[in-house]
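The values are calculated or read from the model by the stated rules, or taken from the named source; none is laboratory data. From a predicted model like this one, the values you see are computed outputs, not experimental measurements. When we count neighbours, we look across all protein chains shown, and the Cβ atoms used for this are built from the backbone with ideal geometry, even at glycine.
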Amino acid sequence: GQQLNQSPQSMFIQEGEDVSMNCTSSSIFNTWLWYKQDPGEGPVLLIALYKAGELTSNGRLTAQFGITRKDSFLNISASIPSDVGIYFCAGRVLAGGGADGLTFGKGTHLIIQP
Amino acid sequence: NAGVTQTPKFQVLKTGQSMTLQCAQDMNHNSMYWYRQDPGMGLRLIYYSASEGTTDKGEVPNGYNVSRLNKREFSLRLESAAPSQTSVYFCASRDPGNEQFFGPGTRLTVL
């Protein structure tokens, strides 16, 4: 099946620093998503990307859908303590309204030192 | 709106026991999904239901069955639990035009 390679696996940063993480695949995905998961909770959607080359922001978060449709990155600017958590990339093969499930990366564990 | 609710929150089973994990959504979504999450891993799709009356296998369906009882409810059944099924199980739902919305999870331990 498809696999998403997400890196880095974990990040230890200082409050106020910028963060960058990415996801790559050997297969094409037509939708790229970024989720955040807090301990003991389900993933929460941060950003959705639907077009190759698309760059989308949500507050301090910015994500891009790679031109080849095989990669995506997420940047967080000026990190704050509540950014701590696990960030997952996810891809969907079918475009738009496709009901197929998501393929997830293994996650990036973000730890912020005050 | 409660969103996606899952019961139970925690469960401990002995090998060979059976149980059903329940999921319900109140957002009138057509599609529903079951994933499992193991330590250090992303979520993996077990089964999904594109619409009421249909179900399809995902990446890791072996050892599980599902029932789309109606538009609101999608249950996951373990007929004979095994230790390898110890995991956190997440249910999700979506409609075209929005993305998958996840429930809080069921933490299952099989001894």
Residue count, region A:87-105 (criterion: buried (at least 19 other Cβ atoms within 10 Å of the Cβ) and out of contact with any Ser or Thr (no Cβ under 7 Å at 6 or more places or on another chain)):
6
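Identify, please: which residue in region A:46-55 is of a type outside the set (Gly, Ala, Ser), free of Cβ contacts under 8 Å to residues at least 40 places away in the same chain and buried (at least 17 other Cβ atoms within 10 Å of the Cβ) and is, among those, farthest from A:Ser82 (Cα to Cα)?
Our first condition is that a residue be of a type outside the set (Gly, Ala, Ser); within region A:46-55, this holds for A:46-47, A:49-51, A:54-55.
Now drop any that are not free of Cβ contacts under 8 Å to residues at least 40 places away in the same chain, which leaves A:47, A:49, A:51, A:54-55.
Then drop every residue that is not buried (at least 17 other Cβ atoms within 10 Å of the Cβ), which leaves A:47, A:49.
Numbers: A:Ile47: 17, A:Leu49: 23 Å.
Among residues in region A:46-55 that are of a type outside the set (Gly, Ala, Ser), free of Cβ contacts under 8 Å to residues at least 40 places away in the same chain and buried (at least 17 other Cβ atoms within 10 Å of the Cβ), the one farthest from A:Ser82 (Cα to Cα) is A:Leu49.
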Just one of (1) more than 24 Å from B:Leu45 (Cα to Cα); (2) in contact (Cβ under 8 Å) with a residue 40 or more places away in the chain; (3) surrounded by fewer than 15 Cβ atoms within 10 Å (Cβ to Cβ) trips up A:Ile76, so point out which.
(3)
Of the residues in region A:39-51, those that are modelled with pLDDT of 95 or more, more than 9 Å from chain B (Cβ to nearest Cβ) and either outside any strand (DSSP E or B) or within 13 Å of A:Phe104 (Cα to Cα) (or both) number 0
Scanning region B:72-98 for residues that are crowded, with 17+ Cβ neighbours inside 10 Å, under 22 Å from A:Leu94 (Cα atoms) and of a type outside the set (A, V, I, L, M, F, W, C), the one nearest to the other protein chains (Cβ to nearest Cβ) turns out to be B:Arg94
Checklist (1) touching a residue at least 40 places away in the same chain (Cβ under 8 Å); (2) under 19 Å from A:Gln3 (Cα atoms); (3) in a loop (DSSP other than H, G, I, E, B) applied to A:Cys89, failing item
(3)
Would you confirm, using the coordinates I've provided, whether B:Leu45 is part of a strand (DSSP E or B) and modelled with pLDDT under 95?
yes
Identify, from the list A:Met21, A:Met11, the residue that is within 27 Å of B:Ser87 (Cα to Cα), hydrophobic (A, V, I, L, M, F, W, C) and more than 14 Å from chain B (Cβ to nearest Cβ).
A:Met11
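How many of the residues making up region B:27-54 are over 19 Å from B:Thr86 (Cβ atoms) and either touching a residue at least 40 places away in the same chain (Cβ under 8 Å) or away from every other protein chain (no Cβ under 11 Å) (or both)?
9
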If you check B:Lys57 against the conditions, is it basic (Lys, Arg), exposed (fewer than 15 other Cβ atoms within 10 Å of the Cβ), modelled with pLDDT of 95 or more and out of contact with any Pro (no Cβ under 6 Å at 6 or more places or on another chain)?
no
Please find, among B:Val12, B:Val4, B:Val66, the residue that is of a type in the set (Val, Ile, Thr) and within 11 Å of chain A (Cβ to nearest Cβ).
B:Val4
Can you name the residue in region B:12-31 that is modelled with pLDDT of 95 or more and within 14 Å of the chain's Cα centre (by Cα) and, of all such residues, is surrounded by the fewest Cβ atoms within 10 Å (Cβ to Cβ)?
B:Thr20
